[in-house]
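The values are calculated or read from the model by the stated rules, or taken from the named source; none is laboratory data. Bear in mind the structure is a predicted one, so any value in this text is a computation, not a measurement. Reconstructed Cβ throughout: ideal geometry from the backbone, glycine too, with neighbour counts over all protein chains shown. In case anyone asks, the SASA skips ligands and DNA or RNA and just uses the protein heavy atoms, side chains included. Shrake-Rupley method; radii C 1.70, N 1.55, O 1.52, S 1.80 Å.
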Amino acid sequence: LFCTFPPSWQYMEDGYVVLDGLLTPQQCDELRQRMSEIVDQMDVPAHCRTTFSTYHDEQLKTQGNADYFITSGDKIRFFFEKGVFDDKGEFIVPKQRSLNKVGHALHAFEPLYKKVTHSPKVQKLGLANPVILQSMYIFKQPRIGGEVTPHQDATFLYTEPLGRVMGLWIALEDATVNNGCLWFMPGSQNSGISRRMVRTRQGTYPLTDFIGREKAYDEEKFVAAPVKKGGVVLIHGEVVHRSAENKSEDSRHVYTFHIMEGQDTHWSPDNWLQPTEELPFPSLYT
Ligand code: AKG
């Protein structure tokens, strides 16, 4: 992936780079404020409300979960932390503290998010035919924000050739070692991918499966990437990264989205995420 905006040698060398000041603190606060309104108004999905007293109910709930996820590419949907509902589907934590993430089309349907995604600074990345694949708001809630195990984004967003996907991960609050910042294995973007998530045959459950396995990575090879509020991490699609649980009292909100260089790139029809009539992958330049 060729870029002119970032100090690209570091991105090429390490597979990621942290850049300060993509957004002003005020822009970060506006995005957070808007998300707080979205959460206030959210409809909790039915499968989260289903009580599972029998094996059959549990199956239905699992399938509901899978359907809700796989059709979320062109919608704004809600994904929760574990243990935030009681067995009747009522919140046992404050609603605003219950979510793991919101995804995957904030960039298309929420004007403030759309504006940031297509902002001049992002357009200066210098890609030929960039398209936006997906977007997420990740909360990493105080005390209950779950860990994200080591992975490569190309596991979920596979292209041929590889090397055409970049994540932008924008800190809307300071992301620190304490509240669950990202950790990277520098240089790990150069060895291909170890695992792919693929759609299974239509009409069968589960809806997705993995080909291959994540490797066992040496903990010591990961380097923390703290980011100041308003800063961004550019993430190569094949760099191995993770984030720890958030056991602190501070949240760690981020807005993140993925761009693909669409020129001479084949988007895999086996990926969970597919462009739809409702939302073809929009060009970064529109
Ligand atoms: C991803 O979305 O690929 C991440 O690794 C995000 C992890 C996080 O925000 O903690």
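Annotations for the structure displayed:
- For segment 155-160, Karplus couplings with θ = phi - 60° (6.51, -1.76, 1.60), whole Hz, Gly/Pro x: 4, 9, 10, 8, 10, 10
- Isotropic mean projected area of the C-alpha convex hull, segment 201-252 (nm²): 6.9
- Counting every C-alpha pair in segment 17-67, the share spaced more than 16 angstrom apart comes to 63%.
- Equivalent-ellipsoid semi-axes of segment 1-116, from the Cα gyration tensor, Å, largest first: 35, 18, 13
- Computed with a 1.4 Å probe over protein heavy atoms only, the accessible area of ARG32 comes to about 80 Å².
- Percent of C-alpha pairs per 5 Å bin, segment 222-276, short to long: 4, 10, 19, 23, 16, 12, 12, 4, 1, 0
- Protection proxy ranking of 88-98, 159-169, 188-198 - average other beta-carbon atoms within 10 Å, highest first: 159-169, 188-198, 88-98
- Rounded to the nearest 20 debye, the dipole size of segment 86-228 about its Cα centre is 460 debye, using +1 on the Cβ of Lys and Arg and -1 on the Cβ of Asp and Glu.
- Average projected area [Cα convex hull, segment 114-267], square nanometres: 10.3
- Over 31 Å between alpha carbons, listed pairs LYS88/LYS114; LYS101/LYS121; LYS82/LYS221: LYS88/LYS114
- In the chain, the ratio of gyration radius to Kirkwood radius, Rg to Rh, stands at 0.94 when only Cα atoms are counted.
- Orientation-averaged projected area, Cα convex hull of segment 64-193 (nm²): 10.1
- Two-decimal ratio, segment 163-221, of alpha-carbon radius of gyration to 2.2 N^0.38 Å: 1.55
- Between the listed residues PHE184, LEU168, SER283, the Cα displaced farthest toward the positive end of the dipole of the chain, a dipole computed from Cβ unit charges relative to the Cα centre, is found at SER283.
- Extension reserve of the LYS88-HIS56 stretch, reckoned as 0.36 nm per residue once the Cα distance is removed: 9.9 nm
- Helix-only CD estimate at 222 nm, as mean residue ellipticity for the chain, using -39500 (n - 2.57) per DSSP H run (n ≥ 4): -5500 deg cm²/dmol
- Residue (of LEU60, ALA216, TYR158) at the positive-pole extreme of the chain, dipole from beta-carbon charges: TYR158
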